[in-house]
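> Sharing a structure below in structure tokens format, with a few things to ask.
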Amino acid sequence: MSSRTPKLFVISGPSGAGKGTLVAQVRERLPHLGLAVSATTRAPRAGEIDGVTYHFLTDDEFTRRVDNGDFLEWAQVHDHRYGTLVSEVERNLDAGRSLILEIDVQGALAVKRRFPSAVLIFIEPPSLEILRERLVGRGSETEESLALRMADAEEELKVAGVYGARLVNDDLARATDELVETLTSYERC
């Protein structure tokens, strides 16, 4: 275990910016980083596994856990709730591991208020047009949900300036290299 204080990294950006893909790539290259599995009330997508991709909770269970103070942060995002369980963060930090939270902008700002030393990193799409193409390419968006995600993306991009680092995900290999370098440089501090 390192004598350095573990770092709490927060990765966020618009839905469809490629956060999940980038975090997966980075974790392959930096396997020492912990990952807090977020909780959500949305249904699993094909291939997603409870406790690995997300902790999939019913609305009632999510509400009970909010009332119990189990969340570091949580937010209503689109039609569902998402949150980070305090136990997930403590499990990593107590083990001396830096960790990555992949959460929305609202959650990132809440984490920064509670943990001022948290490092916020914003992942941007190359353009709103490409973001729209990515979301449509998922095949899981209705016209209504697509319009909502695009409107949210425009608002989220306005907040990106408060983040400690910003990366454009226009080329996966290059963006992965940049994110690895960013995380590594903060861990050396």
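> Can you list the HN-Hα couplings for the range 142-159, worked out from phi with the Karplus curve (6.51, -1.76, 1.60; θ = phi - 60°), rounded to whole Hz and with x for Gly and Pro?
7, 4, 5, 5, 5, 4, 5, 5, 5, 5, 4, 4, 4, 5, 5, 4, 5, 8
> Now, a different point. From the square roots a ≥ b ≥ c of the eigenvalues of the alpha-carbon gyration tensor of the range 52-110, which class results: rounded (a/c under 1.5), prolate (a/b over b/c), or oblate?
Values: a/c = 1.87, a/b = 1.44, b/c = 1.31.
Prolate, because a/c is 1.5 or more and a/b exceeds b/c.
> Taking the Cα-to-Cβ direction at ARG29 and at ASP50 and moving 7 Å from each Cα, how far apart do the two end points lie in nm?
Label-label distance for ARG29 and ASP50, simple model: 3.5 nm.
> Go ahead and estimate [θ] at 222 nm for the chain from helices alone: -39,500 (n - 2.57) per DSSP H run with n ≥ 4, summed, over the residue count, rounded to 500. If you can, show how the numbers build up before the last one.
Working: 7 runs with 84 residues, N = 189.
Estimated from H runs of four or more residues: -14000 deg cm²/dmol.
> Positive end of the dipole of the range 70-189, charges at C-beta (+1 Lys, Arg; -1 Asp, Glu), about the Cα centre: which of PRO116, THR176, LEU135 has its Cα farthest in that direction?
Of the listed residues, the answer is PRO116.
> Normalised by the number of residues in the chain, what is the relative contact order in percent for Cα pairs under 8 Å and 6+ residues apart? Provide the component values of the computation, followed by the final result.
Working: 282 pairs, mean separation 63.3, N = 189.
It comes to 33 percent, rounded to a whole number.
> Which shape class applies to the range 1-96: rounded if a/c is under 1.5, otherwise prolate when a/b exceeds b/c and oblate if not, where a ≥ b ≥ c are the square roots of the Cα gyration tensor eigenvalues? Can you show the working numbers first?
On the way: a/c = 2.01, a/b = 1.30, b/c = 1.55.
The shape class here is oblate.
> When a/c is below 1.5 the answer is rounded, else prolate if a/b is larger than b/c, else oblate, so apply that to the range 137-189 with a ≥ b ≥ c taken from the square roots of the Cα gyration tensor eigenvalues. Walk me through the numbers before you get to the answer.
Details: a/c = 3.65, a/b = 1.84, b/c = 1.99.
Here the range 137-189 falls in the oblate category.
> A further question on this structure: Could you give the spread of the C-alpha atoms of the range 8-188 along their three principal axes, from largest to smallest, in whole angstroms?
42, 42, 31
> Assigning unit charges at the beta carbon (Lys, Arg +1; Asp, Glu -1) and nothing else, what dipole magnitude in debye, to the nearest 20, does the range 21-143 show about its Cα centre? It would help to have the intermediate numbers written out before the result.
On the way: 15 positive and 20 negative charges, 83 e Å.
The dipole of the range 21-143 has a size of about 400 debye.
> Using amide H atoms built in the peptide plane, which far-off residues or other-chain residues are under 5 Å from GLY34 H to H?
Counting only residues 5 or more places away or on other chains, the set is SER98, LEU99, ILE100.
Bear in mind these aren't lab numbers, they're just calculated from the coordinates by the rules spelled out. Keep in mind the model is a prediction, meaning the values are calculated, not measured. Cβ atoms come from the backbone with ideal geometry, glycine included; neighbour counts cover every protein chain shown.
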